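Contents: one structure, followed by commentary.
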Amino acid sequence: MDLAVDLSARGDRATAIYRALLDAIRSGRLGAGDRLPPTRTLARDLGVSRNTVAAAYESLVAEGFLSSHVGDGTYVTALAAAVPSSPKGAALAPRRGWTFTPYAVSGQAPRPPHDFRVGIPDASLFPFDTWRKLVAAELRAGAHHPGTYAEPAGHPALRAAIGRYLAISRGVAADPEDVLVTHGTQQALDLVARVLVEPGDVVAVEDPGYPFARDLFASHGARVVPVPVDAHGLVVDELPGRARLVFTTPSHQFPLGSPLAQERRQALLEFAARHRTAVVEDDYDSEFRFTERPMETLHALDQSGHVIYVGTFSKSLVPALRAGYLVAPPTLREALRGARQLADGYGSLPEQAALARFISDGMLARHLRRARAVYAERRDLVLEGLATHLADHLEVVPSAAGLHVAALFRDPTVDDVALVADAAAQGVAVEALSAYGHDGCGPSGLVLGYGAAETRTVTPGLLALARLLRAR
């Protein structure tokens, strides 16, 4: 352990070392249980005698801040944890208008017995052994020139693999040069905002919709305008004519689940061409479609180069990989690469190369087939349980894809946020639909994810939710 001790001032050096160690303990830089360097080692590092260091240690031992054991070492005692640290002054504050703080995330709390949280895949389905071997192979000495900096667009083999995958699975025509690898959807949206959005620009978002997108655009100074969603998706006729950018989830509207109707897709593309508006198409969980052939993407229909296609592997694989991508018109290619380079340089090349092999060798397709079968069973159980036990209270919003379903309360006055809190106390984790509305004012309902729910817990969880609703 390296300790910063200032011995430049004149005076007793043992006292200076004592004060430096005490300050480290009080500030929390040294915590309870931390082991201090041996007196001989610290004396050599500081250029003082061993007795000088020993005197400082002995004073702290006598005061109870340190404990010393012959043959074992000197440690900070539990007393240190009880010493409050002095707060820093309030000289710095976020810039004016910055109101964004972290949302609670799924990894912060223990897994509930009945887990209907949204957007969480089943990590037990991911082939970790295979993935570990792929990454280990790419971490061999000399691979990927680890002593140099890589291009911001991502590993060429991964960009090519993503392009082939999208062409086959989603009908998205994308050359490797069109693909930019990102750390998931959120970074893709941030790069787009950096390049396209100026303070004061109007950005249209679905309402209810994806809160992280809404807040991200607002954090760049955009004037975020909510646009209503109905049974046919985004109401294109309600789009503001001054919109610089439209964010939409046309394949599986988040969170309601309905796809954007074909005539509205065409209307949205015509709007974009007429107003020179960028359309960000978030195709976040299109891999999981259960009842019908997926509709064409906006990107595949776009003839004027206004659609930016965004995707992620967080749902199809696991969020921990932090792997996503965007496909943008050639006119934005260099600007987006520049934004990525300014943001974080580039991604992890060994993991990107491993993912390229995972896709190209057919392992992604095999994983998706297996996962789709598991999720389809859970989805059927959720829909059956809602119809059997909760139909008097909830009306399911029709949806053919994804890892969640939404349901509206037949009584719109039900406080879904309070109900969610009561359910959590009973071990049932479910989400309030109203929370996805602009300013938390969405319709009253529930959003139930089935990605993380163990199959055997689905029906008991819905029964517990039904009992809770009957008792209200």
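The values are calculated or read from the model by the stated rules, or taken from the named source; none is laboratory data. What you are looking at is a predicted structure, and each value in this text was computed from that prediction instead of being measured. Neighbour counts run over all protein chains shown; Cβ positions are idealised from the backbone, glycine included. Protein only, heavy atoms only, side chains kept; ligands, DNA and RNA dropped before computing areas. Shrake-Rupley method; radii C 1.70, N 1.55, O 1.52, S 1.80 Å.
I'd like the carbon and sulfur percentage of the solvent accessible area for the stretch 202-280, probe radius 1.4 Å, heavy atoms only, ligands and nucleic acids excluded.
Whole-percent figure for carbon plus sulfur exposure: 49.
Given the chain, what percent of its DSSP beta bridges are antiparallel, to the nearest 5? Before the final figure, lay out the partial values.
Details: 26 of 46 bridges.
Antiparallel bridges: around 55 percent, rounded to the nearest 5.
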### Task
Rounded to whole Hz and in sequence order, give me ³J(HN,Hα) for the stretch 124-135 from the Karplus expression 6.51 cos²θ - 1.76 cosθ + 1.60, θ = phi - 60°, writing x for Gly and Pro.
5, 7, 6, x, 4, 4, 5, 4, 4, 5, 5, 5
### Message
Sort 362-373, 384-395 by the packing proxy (mean of other Cβ within 10 Å over each peptide's residues), most packed first.
### Response
384-395, 362-373
### Query
What span do the alpha-carbon atoms of the stretch 91-139 cover on each of the three principal axes, reported in whole Å from largest to smallest?
49, 37, 16
### Summary
Taking the square root of 5λ for each eigenvalue of the C-alpha gyration tensor of the stretch 158-255, the equivalent ellipsoid has semi-axes, largest first and in whole angstrom, of 25, 18, 11
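Taking only the Cα atoms of the stretch 196-240, how large is their convex hull per residue, in Å³? It would help to have the intermediate numbers written out before the result.
Values: hull volume 2.9 nm³, N = 45.
In the stretch 196-240, the Cα hull volume divided by residue count equals 64 Å³.
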## Note on the structure
Per its Cα gyration tensor (rounded if a/c is under 1.5, else prolate when a/b beats b/c, else oblate), the stretch 24-135 is best filed as prolate
### Message
Let me check I have the definition right: for the stretch 358-441, take the eigenvalues of the Cα gyration tensor, multiply each by 5, take square roots. What are those semi-axes in whole Å, largest first?
### Response
31, 16, 13
### Query
How do Tyr284, Tyr149 stack up against each other in accessible area, from largest to smallest, with a 1.4 angstrom probe?
Tyr149, Tyr284
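In percent, how large is the relative contact order of the chain, given Cα pairs closer than 8 Å and 6 or more residues apart?
Details: 793 pairs, mean separation 86.7, N = 472.
Computed over the chain, the figure is 18 percent.
Would you mind getting the accessible area per residue of the stretch 88-138, heavy atoms of the protein chains only, 1.4 Å probe, in Å²? Mind showing how you got there, number by number?
Values: 3800 Å² over 51 residues.
Result: 74 Å² per residue.
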### Query
Using just the C-alpha positions of the chain as equal point scatterers, what log10 of I(q)/I(0) does the Debye formula give at each q in 0.06, 0.07 1/Å?
-0.38, -0.50
### Task
Name the shape class, rounded, prolate or oblate, that the alpha-carbon gyration tensor gives for the stretch 202-308, where a ≥ b ≥ c are the square roots of its eigenvalues, rounded holds for a/c under 1.5, and otherwise prolate holds if a/b is larger than b/c and oblate otherwise.
oblate
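How many percent of all Cα-Cα pairs in the stretch 299-437 sit more than 25 Å apart? Write down the numbers at each step before the final one.
Details: 5049 of 9591 pairs.
It works out to 53 percent of all Cα pairs.
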### Summary
Shape descriptors of the stretch 412-472 over alpha-carbon atoms, Rg and Dmax in angstrom, are 11.8, 36
### Message
At q = 0.16, 0.20 Å⁻¹, what log₁₀ I(q)/I(0) does the stretch 295-342 have when each alpha carbon counts as one equal point scatterer in the Debye sum?
### Response
-0.59, -0.81
### Query
Ranked highest first by average number of other Cβ atoms within 10 Å, how do 342-355, 21-34 line up?
342-355, 21-34
### Query
Per the Kirkwood formula on distinct C-alpha pairs, the Rh of the stretch 82-217 is how many angstrom?
20.3
### Task
Compute the long axis of helix 156-170 from its Cα atoms, compare it with the longest principal axis of the Cα atoms of the chain, and write down the angle in degrees, 0 to 90, nearest 10.
30
### Query
For the chain, what is the mean residue ellipticity at 222 nm derived from helices alone (per DSSP H run of n ≥ 4: -39500 (n - 2.57); sum divided by total residues; nearest 500 deg cm²/dmol)?
-12000 deg cm²/dmol
### Task
Quick one: which residues, 5+ away or cross-chain, put their amide H under 5 Å from the amide H of Asp207? H built at 1.01 Å from N.
Val227, Val229
